1. Given the criterion polar (S, T, N, Q), out of contact with any Ser or Thr (no Cβ under 6 Å at 6 or more places or on another chain) and farther than 30 Å from A32 by Cα, identify the matching residue among T132, T144.
2. Just to be sure before I move on: is I79 β-branched (V, I, T) and more than 18 Å from V40 (Cβ to Cβ) in the structure I sent?
3. Consider Y69 carefully, then state whether it is more than 17 Å from V147 (Cβ to Cβ), of a type in the set (S, T, Y) and in contact with a Ser or Thr (Cβ under 7 Å, 6 or more places away or on another chain).
4. Looking only at segment 32-54, how many residues end up being closer than 20 Å to R161 by Cβ and either in contact (Cβ under 8 Å) with a residue 40 or more places away in the chain or of a type in the set (S, T, N, Q) (or both)?
Amino acid sequence: MMRRGALALVLLALTGCGLQPLYGGGSEGSVATTLRSVTVAPIEGQAGWLMRNKLVDRLGVSSSGAPIYRLDVALEDNITSFGLRSDRAATQERRTLRARYQLVDLSNGSVVLDATAGSDAGIDIVSSEYATVAAEQTALENLTDIVADQIAARLALYASRTARSK
């Protein structure tokens, strides 16, 4: 009986804490609607092409209606070799993908959000050059997934905060 009372008290306290679901209202909620109003500017290079496609997928960019925001993304993609053997050949690589992104309000051209996101991955260098190149490509694809998720989450948080302040 005591446990049930404690559980009821904890549940009651949680209802008053002010937490709200980020995507409250589903696809018609303020966050989803705001994310669909973002157009993603072209991004340079292969990593940029991958990133732009992933962001368009995550944001649910609408093909109808005029966009309210533009997302500008600049990527920095680096591969660093390390783990040298006695013959000075590298045994591992670290691929790092960093993104600086800005959300621009198209009504006045002001930057309303300026942030960075990034991740890295380790790659083993093997005797097959093809396998190493394939591992580098796979790492890039995985890193763009991670960074696109980070950017989309930050944009959703921004949309949530601005919707509450209106």
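1. Working: T144 fails: farther than 30 Å from A32 by Cα.
The match here is T132.
2. Details: β-branched (V, I, T): yes; more than 18 Å from V40 (Cβ to Cβ): yes.
Yes: the conditions hold for I79.
3. Values: more than 17 Å from V147 (Cβ to Cβ): yes; of a type in the set (S, T, Y): yes; in contact with a Ser or Thr (Cβ under 7 Å, 6 or more places away or on another chain): yes.
Yes.
4. Applying the first criterion (closer than 20 Å to R161 by Cβ) to segment 32-54 yields 32-38.
Narrowing further to those that are either in contact (Cβ under 8 Å) with a residue 40 or more places away in the chain or of a type in the set (S, T, N, Q) (or both): 33-35, 37-38.
Selection size over segment 32-54: 5.
Each reported figure results from applying straightforward, stated rules to the coordinates on display, with no laboratory input. Since this is a predicted model, take the numbers as computed values, not measurements. A quick note on method: Cβ atoms are made from the backbone with ideal geometry, for glycine too, and the neighbour counts reach across all protein chains shown.
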